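Asker: Below is a structure I'd like to ask you about.
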Amino acid sequence: MSRHLKQDLEQAYHRLVSLSGQVEEMISKAVRSLVDRRVDLAEEVIGLDERIDRIEVQIEDECLKMLALHQPVAADLRRLTIMMKINNDLEQIADLACNVAERANDLVEHPSFPIPALLSDMATESIAMVRDGLNAFVNLDLDTAHRVIRSDDTIDAMNVRVIDDLYEVMRQDAEWIPLAVSCFSASRNLEQIADHAVNMAEDVIYMISGVIVRHQHQDSDPESPAPA
């Protein structure tokens, strides 16, 4: 690796790590705005979206310039490609966090509506998955990447339970149906955030091993038995 490529990669890498931290904070504040019915937090999250978009474009531009100027190969090319993909996942996660925050505006004037407590647990798990996905990238850690993939089942199960709870709420009071739909949307957004974390983990596995594990998670798990 040339000295200039190394410097450019490190600069883009640090921007990516900083972006990840900001996106994690957006998820946390978005869910708090929903659960605590805080419009101020919702507006803060939504206001950050344009900034995240600018950072995402800047990182992508830097990566494209490295591809054109340095023409990296092998491991360097994989790392640069995965940085671009993770960058895109983080931007889409930020968009989903904004969607959650927008749902808070629907609920703020209805303090009696019972928001499922499990939404907070979903947020905690989703944030942990995003954080672990980036840590797997930073530390070249296959075990952590596989753990992120396995955690997706937990989020999916939580989403089903939240939906069941909301169906029960709607059966109790038809006037709560529009509010329940907003919570449906928030739960789905958190489930999609977890899906993006899985994408990140899959990309890290490819970067480290050169193996594409999309759509074959059982085979990608080192603890899974080999197919007969």
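The values are calculated or read from the model by the stated rules, or taken from the named source; none is laboratory data. Quick caveat: nothing in here was measured; it's all calculated off a predicted structure. Here the Cβ positions follow ideal geometry from the backbone for every residue, glycine too, while neighbour counts run over all protein chains shown.
Asker: Taking interchain pairs and intrachain pairs at least six residues apart, which have beta carbon atoms under 8 angstrom, with the first residue in segment 99-123 and farther than 20 Å from Val45 by Cα and the second in a helix (DSSP H, G or I) and hydroxyl-bearing (Ser, Thr, Tyr)?
Answerer: Partner pairs satisfying both residue conditions: Pro116/Ser187.
Asker: Another question, if that's okay. Looking at Asp121, Asp141, Asp132, can you tell me which residue is surrounded by fewer than 19 Cβ atoms within 10 Å (Cβ to Cβ), touching a helix residue (DSSP H, G or I) at 6+ places or on another chain (Cβ under 7 Å) and under 28 Å from Asp49 (Cβ atoms)?
Answerer: Answer to the check: Asp121.
Asker: How about segment 14-51: which of its residues are buried (at least 16 other Cβ atoms within 10 Å of the Cβ), out of contact with any Ser or Thr (no Cβ under 9 Å at 6 or more places or on another chain), in contact (Cβ under 8 Å) with a residue 60 or more places away in the chain and not polar (S, T, N, Q)?
Answerer: Leu16, Leu19, Val23, Glu24, Met26, Lys29, Ala30, Arg37, Arg38
Asker: Now for a different question. Of all residues being surrounded by fewer than 24 Cβ atoms within 10 Å (Cβ to Cβ) and hydrophobic (A, V, I, L, M, F, W, C) in segment 181-195, which is farthest from Asp164 (Cα to Cα)? Just the residue, please.
Answerer: Val181
Asker: Scan segment 176-228 for residues that are under 30 Å from Val31 (Cα atoms) and either modelled with pLDDT of 95 or more or assigned to a helix (DSSP H, G or I) (or both) and report the count.
Answerer: 31
Asker: Might you let me know whether segment 61-76 holds any residue that is under 20 Å from Ala128 (Cβ atoms) and crowded, with 20+ Cβ neighbours inside 10 Å?
Answerer: no
Asker: Continuing with the same structure: Out of curiosity, is Ile46 modelled with pLDDT of 95 or more, among the aliphatic types (A, V, I, L, M) and more than 30 Å from Thr144 (Cα to Cα)?
Answerer: Considered against the rule, which asks whether it is modelled with pLDDT of 95 or more, among the aliphatic types (A, V, I, L, M) and more than 30 Å from Thr144 (Cα to Cα), Ile46 comes out as yes.
Asker: Give me the pairs, please: first residue somewhere in segment 150-163 and touching a residue at least 24 places away in the same chain (Cβ under 8 Å), second residue anywhere and polar (S, T, N, Q), beta-carbon distance under 7 Å, and either six or more positions apart or on two chains.
Answerer: Ile155/Ser126; Asn159/Ser187; Val162/Ser187; Ile163/Ser187
Asker: In segment 92-118, what residues are surrounded by 20 or more Cβ atoms within 10 Å (Cβ to Cβ), more than 18 Å from the chain's Cα centre (by Cα) and within 15 Å of Val162 (Cα to Cα)?
Answerer: Scanning segment 92-118 gives Ile115, Pro116.
Asker: Just to be sure, is Arg79 touching a residue at least 40 places away in the same chain (Cβ under 8 Å), more than 25 Å from Asp203 (Cα to Cα), in contact with a Leu (Cβ under 9 Å, 6 or more places away or on another chain) and assigned to a helix (DSSP H, G or I)?
Answerer: No.
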